[in-house]
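For reference, the structure discussed in these notes is given below.
The values are calculated or read from the model by the stated rules, or taken from the named source; none is laboratory data. A quick note: this is a predicted structure, and the numbers were derived from the prediction, not measured. Here the Cβ is made from the backbone with ideal geometry for all residues, glycine too, and neighbour counts use every protein chain on show.
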């Protein structure tokens with residue numbers, strides 16, 4: 001049966017870009033990598049397109065990061081997710097507070113191990129436990145526990161960062 005790529009694109013593109021953004025911290029680059037993943041999918045016509053796309057996208061992001069390190073250039077980071085979203089509050093103090101929280105979340109994610117970050121981002125992107133297991137190589141029965149522990153480490157890293165920020169103010 002032929003894959004309905006328009007439906008796959010419609011159902012997956014936004015989640016894929018969101019996932020990649022949290023890997024490369026650059027909205028435009030995340031969109032470019034998502035498009036590259038779809039181009040490769042069209043060439044290979046995988047049986048399970050969504051899981052395949054996330055696997056390829058993850059590999060593309062990882063390859064890009066490795067080549068950037070080899071060239072001794074850092075990945076360009078976007079200031080915060082909030083810059084691309086419409087402001088929810090009109091007060092400058094509220095905006096500054098949101099930006100600080102978003103930066104703290106980004107730094108907390110970066111403090112996690114690659115495996116913890118990967119499983120959290122895959123789950124946040126909407127992948128099922130089965131798809132996360134396939135992507136990470138973990139046993140499907142271990143995903144819930146691993147995800148729970150990764151969330152706990154994220155909360156801990158966020159709280160530690162917040163305490164450091166309060167102490168430095």
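For the reader, a short list of remarks on this structure follows.
- Single match in 27, 65, 34, 51 (criterion: surrounded by 21 or more Cβ atoms within 10 Å (Cβ to Cβ) and either within 16 Å of the chain's Cα centre (by Cα) or at pLDDT 90 or above (or both)): 34
- Test result for residue 115, exposed (fewer than 15 other Cβ atoms within 10 Å of the Cβ), more than 18 Å from residue 52 (Cα to Cα) and modelled with pLDDT under 85: no
- Total residues in segment 6-40, condition part of a helix (DSSP H, G or I) and touching a residue at least 40 places away in the same chain (Cβ under 8 Å): 13
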